[in-house]
Amino acid sequence: MSTNGGSGYFLAVAYKKRGFLLYFVTITFFLLLFSSCRKDTSWNSAWVVPLVNDTLDIRKFVNDSTIEVNNGYYYLNLKRNLYNFSLTDIVAIPDTTIDRTTSLAVQSLNVNPGLQFYNTIEEHTLNLQDLQLKLIQLNGGAIDFELTNPVGTGIYITIELPGVTKNGVMLSKTFFIQAGSQSNPGRISETIQLVDYQIDLTGQNGTSYNLLQSRVKIKSDPNGIPVTVTNNHIFNIKATFRDVKLYYARGYFGNRTLQDTTTFNLAALNSVVGGAIDIQNTSVKLILENGIKIDGSGIIHFLKNTNSQGTTVSLSGPGVGTAFTINQPTGSFSTLQPSVREFLFNSGNSNVEQFIENLGAVNEIGYKIDINPWGNTSGGWNEVYPQSRLRLAVEAQMPLSIKMDALTIRDTFDLKLEQNKDKSHVESGVLQLDLDNAFPFAGQLKILFLDENGAVVEMVNGTQPIASSLYGQPNAQGLKHNKSSVEIPLNANVVDKLNTIKKIIVEAVFDTPDPMTSSNQMVSIPADAYLGIKAKAKFQLKMNV
């Protein structure tokens, strides 16, 4: 929510280019490799190595359903789907095989060339579990046919599927199969694509469901020979429906429950280890949108987040923990209007500010949706359309205004660096950051050096703070900015302990100071705010030859 646009951004500002420290130690490492076999002469030399020249801003987040510009300042307008059920999540047709073993109803029959000797219709029940479908429309899928002929003359088999139509025309296909025998029947395989077909599943009487009709007609080859067909001649007819893609479905979709606990992480917030933020004028909505013609009920069990210190805040307010009904949409294909239920959380009716200010990296929502909890009350008139969705979304609107009180961000890096003082080695150094800050916050930098057990062996503070833009001057575009130079000394104490240092922690502490007072204030982020960074390493290298 607002943490993405607020403190989440400041994390990116602080650490997007954090690799410059690693560049410094890598360059230093290679310089240490310059050593000779004999130590006869030594001298000191000063080195300056440029590391980073970059500008960080948040323009890429603007107009992507995250941040907008309003009256010259950034405004959070976050829109995200938490879950989104579509047609295929509600109604799905599994791959289904219809296997007909057809034979004569009489003991034997003399069949002359061109005689139709079989014509029957059957109904096949599709295994759709608790679905009771009456009508479906398809935009994909196929039927794979496999047919055999056990008699000694060629035959024509016509397969009709009453109720399966395209543009009002019934699906009908005639296959020719060469002569065969009972031990070695003739065979044929063929596939029919099912794009734009409609299937009526109400059966011959028009009142049932999940019933697919098939009519089979068998005629001997007019150019063949007379044969005797007995009831021991088995004509195998197999039709496999596969990869069926629904466009529309009508029927009773059963009583089912959709429930889950969904977790979404804001990984950058794991680096926040202390301090606090304050926000205001926050408005968060949970929106339930239903475009499926079903009766339903639901409940949001909880919505909570947990920060890096293990503190969990659960959102309380309207709609959380209370069951609600789900209304049906109106209209149909081109006129479908989903029903919408909104749960609004603001400072007056919930703890939404405390929820966001917790800066939770791990966010969880638990929900339950019951479809047709009262049974088949629609008389088999549940409907789902191509654009139908059952969607839970979150929207957050607020000025991108924030107050920071010692907001502490920390990250850890491995460091493997050793040097021998009897050979060429670094004696001291400084990491210098030249900054041009157009954000209304200030910061202090610190580096902690750790041994292999994680104990702090040395700590170095930046010599100057990152100056807030509020203490600076407008640029040519009228945007206030402030330049500062921060040095982080790598003094002799650090250099002496390089062999024991295995990790470094980079820590930044942010505040939003008021130029007129000594306290922090609520600040708005101006449009086009940026942080320019030029980093270089300066160090003294003692060369032994």
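The values are calculated or read from the model by the stated rules, or taken from the named source; none is laboratory data. All values derive from a computational prediction rather than experimental measurement. Backbone-built Cβ (ideal geometry, glycine too); neighbour counts: all protein chains shown.
Summary table
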read-out	value
Residue that is nearest to the chain's Cα centre (by Cα), among those in the stretch 117-144 that are closer than 17 Å to THR230 by Cα and surrounded by fewer than 13 Cβ atoms within 10 Å (Cβ to Cβ)	THR120
Matching residues in the stretch 276-290 - criterion: being of a type outside the set (A, V, I, L, M, F, W, C), assigned to a loop (DSSP other than H, G, I, E, B) and surrounded by 20 or more Cβ atoms within 10 Å (Cβ to Cβ)	THR282
Sole exception among (1) in a strand (DSSP E or B); (2) touching a Phe, Trp or Tyr at 6+ places or on another chain (Cβ under 9 Å); (3) over 25 Å from SER271 (Cα atoms) for ILE505, by number	(3)
Hits in the stretch 342-373 (condition: within 25 Å of SER297 (Cα to Cα), of a type in the set (Gly, Ala, Ser) and in a loop (DSSP other than H, G, I, E, B))	SER350
When residues of the stretch 177-209 are limited to those that are touching an Asp or Glu at 6+ places or on another chain (Cβ under 9 Å) and surrounded by fewer than 13 Cβ atoms within 10 Å (Cβ to Cβ), the one farthest from PRO226 (Cα to Cα)	GLY206
Residue in the stretch 518-527 that is of a type in the set (Gly, Ala, Ser), crowded, with 18+ Cβ neighbours inside 10 Å and part of a strand (DSSP E or B) present	no
Among residues of the stretch 408-459, those that are under 30 Å from LEU470 (Cα atoms), acidic (Asp, Glu) and modelled with pLDDT of 85 or more, counted	2
Any hit, the stretch 120-128, residues being assigned to a strand (DSSP E or B) and closer than 24 Å to GLY296 by Cβ	no
Matching residues, the stretch 210-227, being buried (at least 18 other Cβ atoms within 10 Å of the Cβ) and closer than 21 Å to ILE143 by Cβ	ASN210, LEU211, LEU212, GLN213, SER214, VAL216, ILE218
Failed item in (1) polar (S, T, N, Q); (2) under 30 Å from VAL456 (Cβ atoms); (3) buried (at least 16 other Cβ atoms within 10 Å of the Cβ); (4) at pLDDT below 90, with ASN358 passing the rest	(4)
Check on LEU109, surrounded by 14 or more Cβ atoms within 10 Å (Cβ to Cβ), assigned to a strand (DSSP E or B) and not assigned by TED's automatic domain parsing to the domain that holds VAL195	no
All positions within the stretch 199-213 that are of a type in the set (Gly, Ala, Ser) and within 14 Å of VAL164 (Cα to Cα)	GLY203, GLY206
Neighbours by Cβ (under 8 Å, 6+ apart or cross-chain): first from the stretch 94-123, under 16 Å from ILE157 (Cβ atoms); second crowded, with 16+ Cβ neighbours inside 10 Å and of a type in the set (Lys, Arg)	GLY114/LYS219; LEU115/LYS219; GLN116/LYS217; GLN116/LYS219; PHE117/LYS219; TYR118/LYS217; ASN119/LYS217; GLU122/ARG100
Of residues in the stretch 295-349 being surrounded by 15 or more Cβ atoms within 10 Å (Cβ to Cβ) and charged (D, E, K, R), the one nearest to the chain's Cα centre (by Cα)	LYS304
Count of the stretch 161-183 residues which are of a type outside the set (Phe, Trp, Tyr), part of a strand (DSSP E or B) and either closer than 22 Å to ASN110 by Cβ or touching a residue at least 40 places away in the same chain (Cβ under 8 Å) (or both)	5
Leading residue by the ranking (nearest to SER181 (Cα to Cα)) among those in the stretch 137-160 that are among the hydroxyl-bearing types (Ser, Thr, Tyr) and assigned to a strand (DSSP E or B)	THR148
PRO489, sole failed condition from (1) touching a residue at least 12 places away in the same chain (Cβ under 8 Å); (2) surrounded by fewer than 14 Cβ atoms within 10 Å (Cβ to Cβ); (3) more than 30 Å from PRO526 (Cα to Cα)	(2)
Number of positions in the stretch 307-325 that are of a type outside the set (Val, Ile, Thr) and on the phi < 0 side of the Ramachandran plot	9
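To keep it simple, each residue is scored yes or no on (1) in a strand (DSSP E or B); (2) touching a Phe, Trp or Tyr at 6+ places or on another chain (Cβ under 7 Å).
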position	(1), (2)
GLN432	yes, no
LEU448	yes, no
GLU452	no, no
HIS481	yes, no
VAL486	yes, no
PRO489	yes, no
VAL494	no, yes
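Yes or no, residue by residue, for (1) more than 48 Å from the chain's Cα centre (by Cα); (2) closer than 22 Å to THR125 by Cβ; (3) assigned by TED's automatic domain parsing to the domain that holds PRO162; (4) among the hydrophobic types (A, V, I, L, M, F, W, C):
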residue: THR207; (1), (2), (3), (4): no, yes, yes, no
residue: ASP221; (1), (2), (3), (4): yes, no, yes, no
residue: ILE225; (1), (2), (3), (4): yes, no, yes, yes
residue: VAL229; (1), (2), (3), (4): yes, no, yes, yes
residue: HIS233; (1), (2), (3), (4): yes, no, yes, no
residue: ALA239; (1), (2), (3), (4): no, yes, yes, yes
residue: ARG242; (1), (2), (3), (4): no, yes, yes, no
residue: ASN265; (1), (2), (3), (4): no, no, no, no
